[in-house]
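The values are calculated or read from the model by the stated rules, or taken from the named source; none is laboratory data. This one's a predicted model, so the numbers in the text were calculated from it and none came from an experiment. Cβ atoms come from the backbone with ideal geometry, glycine included; neighbour counts cover every protein chain shown.
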Amino acid sequence: MRIQPIFCASLLSIATYAFGVEDDYNRSNHIYKSYNYEISLDAEKQTAFTGADLSLSLIEGYRMLDDKIAPSADVTWMKALIVIPRVMITGYATTFQHEVFGHGARVREIGHGWKVKKYKFNFDGSASTNFGFNPASHAQYGIAVDVAGMQATEVLSNKIKGRFLDSAKINPVYGAAYFMSAGDQIMYTYMAQYKEGVGHDVQNYITDMNKVYGANYLSKSKIKARTALSLLDPFLYFSAYSVATGEEFEYPMIPIGEWQYLPAFREIFTPYGLENKLINHFKTPTTPFQLNVMQGKHKRSSSWGAELIVDRVFENGNLDVGFNIATWKQPKLFFADPLNAPSKQGYSGEGNIRLNLNETSAIYTSVGYKTAGFRVGYPLKASALLRVGLAFKF
């Protein structure tokens, strides 16, 4: 993986200097800030979701340090310089998520001769996962591993976005983290040099998909054209603004009565082809929620899906309850002849429960079930879903 944090940091530092002096209201008025840490375990050998808890906790640790060392607003050149560690450190956390809880998690899930041998992380933000595989495995397993890293960083970006939606604000460290994690697939597609056999995830995806579905089924130009959809994400630009100004700010949403709304788009790389995703963010007076739809046209069939993610359907002083449900119709995975795979209906559902033990600590769990099929960040097989974690606030 190569997400080029140094280039992004330099670009945003220049933008920071161009913005010049900004108000330092938060610092001068000593507004209290809290820092939230979560760590969890799950029943599926540590998926992208447990990884996102850990990766965001690492980012949160840096945010606590950043708040202590961040320069005053009137020192413009120092504000520009601090962009570099913000982008690079959140970039490293994104790389960790990509490798260990993306490629690594998918290899651990497959098993049967697939095994992670080692991870390698470099100062420039590049990294790699070295693993052994079973050559007798269905080719779609390899494709699933190709794209697992980018999907793990998407899971991380969704967790960061959840904090945006809860607070209605974006701070520079979260902004940098979202920019690097949500932008991982975009940067891979547009900024990294395409070479076969050197760990370029998108090139590997193109190569392996063409082996399964026929020559020229996918190409660099088609991938780039379709990935442009992922640029239609307002949170990318809100995040870049927060990083460039060095300030926390309240981002706008479209008012609909007492509700607020904001759309976004995402291109999804699946083991059977490309899918378009429309993400509908809503904020009600009591909870944020998402209603998302997916659609794809493949070699000989099409796919569709929908998901509803509600943060809180019930809340009192100690207990929060939410849910996450999805359904889809897509080509059956690991069919002997993928070109003629029948379409298969699938679904998943989770209940999310958080019990606040006191003002600074909580336990949380997600419990549910998923049928066989593809959904970003989830196991490919039919699985019981169970994750348990601890949360702390300082």
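Quick notes on this structure:
- Extreme residue, surrounded by the most Cβ atoms within 10 Å (Cβ to Cβ), among residues of the range 58-91 that are of a type in the set (Ser, Thr, Tyr) and under 13 Å from Val173 (Cβ atoms): Thr90
- Selection within the range 128-144 - surrounded by 22 or more Cβ atoms within 10 Å (Cβ to Cβ) and touching a Gly at 6+ places or on another chain (Cβ under 9 Å): Thr129
- Residue within the range 249-264 that is at pLDDT below 95, surrounded by 14 or more Cβ atoms within 10 Å (Cβ to Cβ) and more than 29 Å from Phe335 (Cβ to Cβ) present: yes
- Criterion applied to Tyr364, Tyr369, Tyr378, Tyr347 was being of a type in the set (Ser, Thr, Tyr) and not in a strand (DSSP E or B), and the one residue passing it is Tyr378.
- Restricting the range 304-327 to residues that are buried (at least 19 other Cβ atoms within 10 Å of the Cβ) and of a type in the set (Gly, Ala, Ser) leaves a set whose member that is nearest to Phe164 (Cα to Cα) is Gly322.
Residue-wise test of (1) at pLDDT 95 or above; (2) touching a Ser or Thr at 6+ places or on another chain (Cβ under 8 Å).
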site: Phe323; (1), (2): yes, no
site: Ala326; (1), (2): yes, yes
site: Lys332; (1), (2): yes, yes
site: Asn340; (1), (2): no, no
site: Gly346; (1), (2): yes, yes
site: Asn352; (1), (2): yes, yes
site: Leu355; (1), (2): yes, no
site: Ser366; (1), (2): yes, no
site: Tyr369; (1), (2): yes, yes
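- The combined condition, being in a loop (DSSP other than H, G, I, E, B) and either surrounded by fewer than 16 Cβ atoms within 10 Å (Cβ to Cβ) or touching a Lys or Arg at 6+ places or on another chain (Cβ under 7 Å) (or both), is fulfilled by Ala215.
- Within the range 188-206, none of the residues are within 17 Å of Ile89 (Cβ to Cβ), among the acidic types (Asp, Glu) and crowded, with 16+ Cβ neighbours inside 10 Å.
- Residue that is nearest to Phe282 (Cα to Cα), among those in the range 234-258 that are small (Gly, Ala, Ser) and outside any loop (DSSP other than H, G, I, E, B): Ser239
- Among residues of the range 374-394 that are free of Cβ contacts under 8 Å to residues at least 24 places away in the same chain, those with a Cβ under 8 angstrom from a residue that is assigned to a strand (DSSP E or B) and of a type in the set (D, E, K, R), sequence gap 6+ or separate chain, pair up as Ala382/Lys370.
- Pairs with Cβ under 6 Å, 6+ apart, first in the range 283-294 and closer than 13 Å to Ala306 by Cα, second surrounded by fewer than 17 Cβ atoms within 10 Å (Cβ to Cβ) and not hydrophobic (A, V, I, L, M, F, W, C): Leu291/Asn280
- Residue within the range 275-282 that is over 26 Å from Asn216 (Cβ atoms), of a type in the set (A, V, I, L, M) and at pLDDT 95 or above present: yes
- Some residue of the range 282-303 being of a type outside the set (Ser, Thr, Tyr), more than 21 Å from the chain's Cα centre (by Cα), under 30 Å from Asn210 (Cβ atoms) and buried (at least 20 other Cβ atoms within 10 Å of the Cβ): yes
- Residue pairs meeting the criteria (Cβ under 7 Å; at least 6 apart or on separate chains; first at negative phi, in the range 228-242; second modelled with pLDDT under 95 and of a type outside the set (Val, Ile, Thr)): Ala240/Leu12; Ser242/Glu248; Ser242/Phe249
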